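Notes follow the structure.
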Amino acid sequence: MVKHMLNQSVPLDRMFHALADPARRGMVERLSRGPASVSELARPLGMSLPAVVQHLHVLQASGLVRSEKIGRVRTCRLDPKALRTAESWISARRSQWERRLDRLGEYLARHPEAPTQRSRT
């Protein structure tokens, strides 16, 4: 399992890095509604087209976004497989913490006495 997680580390790092920026999250949100051209993605962002293209390169390097150029128009779309990878990673963490919290709840139910205070030195 550790080897499997190490193999996922670089793609996940790239994905979370890509999603760390609000402008890129906005692009992903827009693309979740369907494909869009680069100029359409740039319109609500209030930044230059070269800056938008740089953000798209980060999203493409992470695997979240794919693009194709037809004529003079570059159209971008989400890659759902990449999102499923992040979802699986988050879900595994959630399951792990839920099990830990369940065990803590069981322990506390079996030991209802008040915790003792540690002496301050």
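The values are calculated or read from the model by the stated rules, or taken from the named source; none is laboratory data. Computed from a predicted structure; not experimentally measured. Reconstructed Cβ throughout: ideal geometry from the backbone, glycine too, with neighbour counts over all protein chains shown. Keep in mind that these areas ignore ligands, DNA and RNA; they rest on the heavy atoms of the full protein, side chains included. Shrake-Rupley method; radii C 1.70, N 1.55, O 1.52, S 1.80 Å.
Go through the residues of segment 67-76 one by one and say whether even a single one is part of a loop (DSSP other than H, G, I, E, B), without any contact (Cβ under 8 Å) to a residue 24 or more places away in the chain, out of contact with any Phe, Trp or Tyr (no Cβ under 9 Å at 6 or more places or on another chain) and open to solvent by 70 Å² or more (accessible area, probe 1.4 Å). Scanning segment 67-76, I find at least one residue that is part of a loop (DSSP other than H, G, I, E, B), without any contact (Cβ under 8 Å) to a residue 24 or more places away in the chain, out of contact with any Phe, Trp or Tyr (no Cβ under 9 Å at 6 or more places or on another chain) and open to solvent by 70 Å² or more (accessible area, probe 1.4 Å), so the answer is yes. Just one of the numbered conditions (1) open to solvent by 40 Å² or more (accessible area, probe 1.4 Å); (2) touching a Leu at 6+ places or on another chain (Cβ under 7 Å) is not true of ASP79; which one? The number of the failed condition is (1). Would you point out the residue of segment 82-104, among those that are among the polar types (S, T, N, Q) and closer than 21 Å to ALA20 by Cα, that is surrounded by the most Cβ atoms within 10 Å (Cβ to Cβ)? Result: THR85. You will find that of ALA109, ALA61, the residue that is within 28 Å of VAL10 (Cα to Cα), out of contact with any Leu (no Cβ under 8 Å at 6 or more places or on another chain), open to solvent by less than 100 Å² (accessible area, probe 1.4 Å) and in a helix (DSSP H, G or I) is ALA61 and no other.
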